[in-house]
Amino acid sequence: MIKIDNLHKNFEKLEVLKGINTGIKEGEVVAIIGPSGSGKSTLLRCINLLEQPTEGSIWINGEEITSKKTNILKVRAKVGMVFQHFHLFPHKTVLQNLTYAPIKVKGLTKKEAEGKGRDLLQRVGLAEKADEYPSRLSGGQKQRVAIARALAMDPEVMLFDEPTSALDPEMVKEVLEVMKSLAHTGMTMAIVTHEMGFAREVADRVLFLDGGQLVEDAKPSEFFSSPKTQRAKDFLEKIL
Amino acid sequence: MNLDFSRVTPSLPYILEGIYITLQVVALAALLGFALGIILSLFKISSIKPLNWLADFYTSIFRGTPLVLQLMLIYFGSPQVFGIQIEPFTAAFLSFGLNSAAYISEIIRAGILAVDKGQKEAAVALGVPYRKMMTDIILPQAMKNILPALMNEMITLTKESAVVTIIGLNDIMRRAYIVGGQSYRFFEPILIAGLVYYVLVMILTIAGKLVERRMRRSD
Ligand SMILES: Nc1ncnc2c1ncn2[C@@H]1O[C@H](COP(=O)(O)OP(=O)(O)O)[C@@H](O)[C@H]1O
Ligand SMILES: [Mg+2]
């Protein structure tokens, strides 16, 4: 469903992605791991065009989103993104965070959007927080709201950029549980994470990035027990 | 010190009526300054270079010359530029509004830049178009940051508005001055004018604090 072909991204002179070739199938959960600065975030951000690729192309469901003719806003509306630092809208209530884009971007009525928003809050276990402001929530709750906000747009794929890295340890689990249940619904997901246990358990594939290159692409069981490259071995040694 | 308010007291209502004029000038100037200030601030953060230049040039002109000069240029220059003599009142709120826009645009620009970059990213990632993102997400948060600075600008405006005396607009200041001339005592009427400005500024300050508190509710 997603195809990435010879993707390059430069920031000025800095070559951050050096020709990535890969794909994600419908319903597949892909964990993207690698050292800090290896280009994981940049890769995700290219998939919803938060960054414009310097070279190469990306297809989502047969549409080349990197072509000049694409409506960038439409692409972003169907690709959900969850950030490390949540980025909830602080001046809107939890429910308004969920209904804003569906109303303003997809043209849902307030009633439709709120019905849907409440369903989603139920799903992430925060139904009773609908009318709170984000500042009243814990980190884990904020991230669950952020996931629900992205889901409210009915995305075809969900991107997660280190969704649990900014959380206190005791809140990591609640967010991972929500992501796990989302994976079970058949959502296509790309997750940048340092949670190796989660990657091993939930992901269908692991992509290992290093220095802007896709160094390994393997099943979690294979990758974690017998990485093929020295770079992956070194990385796993450091973090496990 | 001998203070004698008895000769000024009959003229007190006359001076106080000036409040109405002063407030009208300030309110219209603030509206104009705010509306134009938002537009200029959007120009300043725009990725279109000529818009940056235009807004920066505008700001430098209005910050780089005295306010009283701008007022006189607009008032005395209007027959030559527009072919009509505009009213002192019009000249007053126009010049204050245009001047204020320069300062307010800087305030708003800083306020927008102070909004967490993640807010823009989150909105963009949801497919929200630029305009809606600005009006619904970025500007409301910027406003909260800049409210104290905006209030300051309102207070400055209120006090500075006293220079409209120079083009003959009957504001608080000019009325106090006229009463002084008629009664041959300037100290008392001008003291009264001073008190009126002080009270106006205090009211603005308190109102600003109240609004600020309301807006902080969501924190
Ligand atoms: N907007 C940007 N401008 C310049 N350099 C950037 C930008 N974003 C990322 N980089 C650089 O690109 C490299 C890869 O960053 P990133 O994709 O965030 O890595 P990761 O998420 O794997 O830690 C880093 O060296 C980072 O400094
Ligand atoms: Mg990153």
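The table below lists the values:
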| quantity | calculated |
| --- | --- |
| Cβ neighbours within 10 Å from other chains - mean over A:84-96 | 4 |
| Segment A:159-205-segment A:1-70 distance, computed between alpha-carbon centres (Å) | 20 Å |
| Crossing angle, helix B:88-114 versus chain B [Cα axis fit, 0-90 degrees, rounded to tens] | 40 degrees |
| MRE, 222 nm, helices only [DSSP H, n ≥ 4, -39500 (n - 2.57), over the protein assembly as shown, to nearest 500] | -18500 deg cm²/dmol |
| Ascending count of other beta-carbon atoms within 10 Å, so fewest first, for A:R149, B:R7 | B:R7, A:R149 |
| Extension reserve of the B:S47-B:L31 stretch, reckoned as 0.36 nm per residue once the Cα distance is removed | 3.1 nm |
| Whole-number percent relative contact order across chain A, with pairs defined as alpha carbons under 8 Å at least 6 apart | 27 percent |
| Segment B:112-219: relative contact order as a whole-number percent, Cα under 8 Å and 6+ apart | 24 percent |
| Label point 7 Å beyond Cα of B:R63 along Cβ direction - residues of segment B:80-99 with amide nitrogen under 20 Å | B:95-99 |
| Under 25 Å from A:K3, Cα to Cα: lysines that are on another chain or at least 8 residues apart | A:K18, A:K25, A:K40, A:K68, A:K69, A:K74, A:K78, A:K180, A:K219, A:K228 |
| Reach of B:K209 by Cα under 19 Å, taken over aspartates and glutamates that are not fewer than 8 positions away in the same chain | B:E153, B:D219 |
| Calculated from backbone phi, Karplus (6.51, -1.76, 1.60) coupling profile of segment A:59-66 in Hz, x at Gly/Pro | 10, 10, 6, x, 9, 7, 6, 8 |
| Theoretical FRET efficiency, 1/(1+(r/R0)^6), r = Cβ-Cβ of B:L23 and B:F76, R0 25 Å, to 0.05 | 0.50 |
| For chain A, with +1 on Lys and Arg beta carbons and -1 on Asp and Glu, the positive-most of A:P220, A:F208, A:W59 along the dipole | A:W59 |
| Residue list for segment A:209-227, given a label point 7 angstrom along the Cα-to-Cβ vector of A:K233 and an amide N cut-off under 18 Å | A:209-210, A:215-218, A:222-227 |
| Helix axis angle, B:187-215 relative to chain B longest principal axis, alpha carbon, degrees | 20 degrees |
| Ranked list, fewest to most other Cβ atoms within 10 Å of each Cβ, for A:W59, B:W53 | B:W53, A:W59 |
| Relative contact order, percent, chain B [alpha-carbon distance under 8 Å, six or more residues apart] | 28 percent |
| Cβ neighbours within 10 Å from other chains - mean over B:117-123 | 6 |
| Extension reserve of the A:D168-A:T70 stretch, reckoned as 0.36 nm per residue once the Cα distance is removed | 31.3 nm |
| Order by protection proxy (mean Cβ within 10 Å, highest first), peptides A:102-108, B:81-87 | A:102-108, B:81-87 |
| Beta bridges per DSSP with both ends in chain A, % antiparallel, nearest 5 | 55 percent |
| Segment A:206-240-segment B:181-219 distance, computed between alpha-carbon centres (Å) | 68 Å |
| Ascending count of other beta-carbon atoms within 10 Å, so fewest first, for B:L3, B:L23, A:L17, B:L169 | B:L3, B:L23, B:L169, A:L17 |
| Under 14 Å from the A:Q52 label point (7 Å along Cα→beta-carbon), backbone N, segment A:1-19 | A:9-12 |
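Only the coordinates and a few stated rules stand behind these numbers; no lab work does. As the structure is a computational prediction, the values presented were derived from the model and not from experiment. No Cβ is skipped: glycine too gets one built from the backbone with ideal geometry, and neighbour counts run over all protein chains shown.
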